[in-house]
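All remarks here apply to the structure that follows.
The values are calculated or read from the model by the stated rules, or taken from the named source; none is laboratory data. Please read these numbers as outputs of a predicted model, since none were measured by experiment. Neighbour counts run over all protein chains shown; Cβ positions are idealised from the backbone, glycine included.
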Amino acid sequence: MTEIFKKKSEWVWPFLILMIISFVIFGVNRIIDLILIKSGLNFFSVFYNEDVGNMTNTLGGLGELVASVLGIEITVLAIIVQLAANKYSSKVMELFIGDRVNFVVISIYVITAINTVLVSNTISNEAVPYFSITICLVLIVISLLIVIPHFNYVFNFLRPNNFLSYVKDKILKNLKNLSEGKRKYSYSVKEEISESINFIGDIALNSVIQGDRATTLQCLAILREITVKYLGYKKDLPANWFKMSGLEYFDPDFSSYSRFVMTVIENKKIFLERKVFRLFEMLFAYSRVTLRDVASGVLLNSELIASGAVKANDKGALYCVFQYFNSYLRISIRERDPRSAFNTLEHYRILAEELLDEDPYEVENISFYFKYYGQEANKNQVLFIIETAAHDLCMINELAYEKKVPNIRNLLQMFLTVDEPLEEAAEEQQSVKEMSLIGVRIAQAKLAGFYLLKGDIELARIIYDDMKIEPYSRISKIQDMIFNTKDEEFWEITPRGINFNYVAPERREALQEFFSWFSKAQV
């Protein structure tokens, strides 16, 4: 019954409002006319023809003109808005109808047409309502003048950046009001926010399908902005916001999850984060081959959300980011897409570097994930991933040393276990895997050179002890690859642009000492 009343109220209230306003304007004008006629003050009469019949016909024709303009405007707007709804999302139509400016403009046409009809039927030779006629003409002129400005407004409104900003502001306003207690929590509020996020996600997905990179990247930026600001409001939100009512199972972003997963989401308080990252995951999967800049946008915005979680000290949100970075790596490996994994590892590494200041022990978990997915890629013959993971871990260890984190040795030990034993590979795969594992050893040797450059022989010796089991021929190959690489910039266009085998001249001298340890051991 409540739902039926709600549906009726969607048209009953606008109908009543327009009717009341129209009759109030007509009534007020009529009273003023009666006062002016009774007082004999017909100073508005100087603006009009004394032929009452001509005046009546003219005013009636203008009323028909306003009604015609209204019909044309509604027809054109319906076509324009429907095209935008087909391109982006059906919710665009709802946004257009719910927009106050559009409602006011259409209302002006309706009120003008009604008043023109009413006034034209009150004109007589005995009492000409000059004031009412003047107000009608003013309304008619306004109705004609606002046609072009309103079209401009509608075209601007239907630009993705405008209606996306409108939805974003609405979401953030609701979240802020909930956190400040200005709005009482109810599931309908949560559903409204959830549907608005779905709307942004639908636009992003449709834009990917249509190859609209700019709109998709804008959607990603807005979802990131919402999530980062939400992390600031989160601690003040009511407890019921984080509870799963059971209706979330009907949300497409949660419908495939088991009860266990939903319980984890509830306990870690990551409902909105999982919703946003579920959209990110779909966009990454759809765009990683055809629109790589969109996939890179997913990674960048994931990294920025992670930064927000670090600043907010939100372990649940950070855990969620880890899971989805790992999922991006799994998608890349499963689809045999080394470039996507290559890009994912870079953004994951940047997150690890930021965590060295806030929580260096979490970086051990990231190091483990680098090792795990690097080895998974090697097992599945997705080349160059384990080498990339190793070089990223080398950079993490260098920065960890510079920052003097307490778990530097743990990070180093994790790095030294990245290389997979060659014996586990099939014989026909060994030559391919050997090159990858040589890349890992190159990264480890570069780190040893860094330690020696800093005067830390003890840590460099730990790397030597791990590498001395390698055949000397392999060590020589590693040495030649490093010293024969002269260019820091890679000779192809890549997102990183660096040559992994390159080391700066000052580190080369330190590496000479490091490699001399192996040659002395041969004597």
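For (1) free of Cβ contacts under 8 Å to residues at least 60 places away in the same chain; (2) within 28 Å of residue 294 (Cβ to Cβ), each residue gets a yes or a no:
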{"site": "216", "(1), (2)": "no, yes"}
{"site": "225", "(1), (2)": "yes, yes"}
{"site": "228", "(1), (2)": "no, yes"}
{"site": "237", "(1), (2)": "no, no"}
{"site": "240", "(1), (2)": "yes, no"}
{"site": "243", "(1), (2)": "yes, no"}
{"site": "248", "(1), (2)": "yes, yes"}
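Any chance region 27-36 includes a residue that's loosely packed, with under 13 Cβ neighbours inside 10 Å and either at pLDDT below 80 or among the polar types (S, T, N, Q) (or both)?
no
Out of curiosity, is residue 374 closer than 27 Å to residue 497 by Cβ and either among the small types (Gly, Ala, Ser) or outside any helix (DSSP H, G or I) (or both)?
Against the criterion (closer than 27 Å to residue 497 by Cβ and either among the small types (Gly, Ala, Ser) or outside any helix (DSSP H, G or I) (or both)), residue 374 qualifies.
For residue 154, state whether it is crowded, with 18+ Cβ neighbours inside 10 Å and assigned to a loop (DSSP other than H, G, I, E, B).
no
Which of the following residues is in contact with a Phe, Trp or Tyr (Cβ under 9 Å, 6 or more places away or on another chain), over 28 Å from residue 383 (Cβ atoms), touching a residue at least 12 places away in the same chain (Cβ under 8 Å) and not assigned by TED's automatic domain parsing to the domain that holds residue 209: 305, 265, 366, 333?
Residue meeting the stated conditions: 305.
Among the residues of region 475-506, how many are more than 26 Å from residue 348 (Cα to Cα) and surrounded by 13 or more Cβ atoms within 10 Å (Cβ to Cβ)?
8
Testing residue 194 on (1) hydroxyl-bearing (Ser, Thr, Tyr); (2) farther than 30 Å from residue 290 by Cα; (3) not in a loop (DSSP other than H, G, I, E, B), one condition comes back false. Which one is that?
(2)
Which is at pLDDT below 80, touching a helix residue (DSSP H, G or I) at 6+ places or on another chain (Cβ under 8 Å) and at negative phi, of 430, 479?
430
Which residue, of 74, 97, 80, 148, is over 25 Å from residue 26 (Cβ atoms), more than 32 Å from the chain's Cα centre (by Cα) and either loosely packed, with under 13 Cβ neighbours inside 10 Å or at pLDDT below 85 (or both)?
148
Does region 340-355 contain any residue that is assigned to a loop (DSSP other than H, G, I, E, B), free of Cβ contacts under 8 Å to residues at least 60 places away in the same chain and surrounded by fewer than 18 Cβ atoms within 10 Å (Cβ to Cβ)?
Within region 340-355, not a single residue is assigned to a loop (DSSP other than H, G, I, E, B), free of Cβ contacts under 8 Å to residues at least 60 places away in the same chain and surrounded by fewer than 18 Cβ atoms within 10 Å (Cβ to Cβ).
Out of everything in region 238-252 that is surrounded by 13 or more Cβ atoms within 10 Å (Cβ to Cβ) and of a type in the set (Phe, Trp, Tyr), what residue ends up being farthest from residue 183 (Cα to Cα)?
Among residues in region 238-252 that are surrounded by 13 or more Cβ atoms within 10 Å (Cβ to Cβ) and of a type in the set (Phe, Trp, Tyr), the one farthest from residue 183 (Cα to Cα) is 249.
Determine which single condition residue 377 fails, assuming it passes every other condition in (1) under 28 Å from the mean Cα position of the chain (by Cα); (2) at pLDDT below 95.
(1)
Of the residues 75, 58, 122, which single one is under 30 Å from residue 207 (Cβ atoms) and in the same structural domain as residue 28 (by TED's automatic domain parsing)?
75
Within region 162-194, count every residue that is touching a residue at least 60 places away in the same chain (Cβ under 8 Å) and either over 15 Å from residue 241 (Cα atoms) or among the aromatic types (Phe, Trp, Tyr) (or both).
4
Determine which member of the set 370, 325, 342, 384 is within 19 Å of residue 273 (Cβ to Cβ) and in contact with a helix residue (DSSP H, G or I) (Cβ under 8 Å, 6 or more places away or on another chain).
Criteria check complete, one pass: 325.
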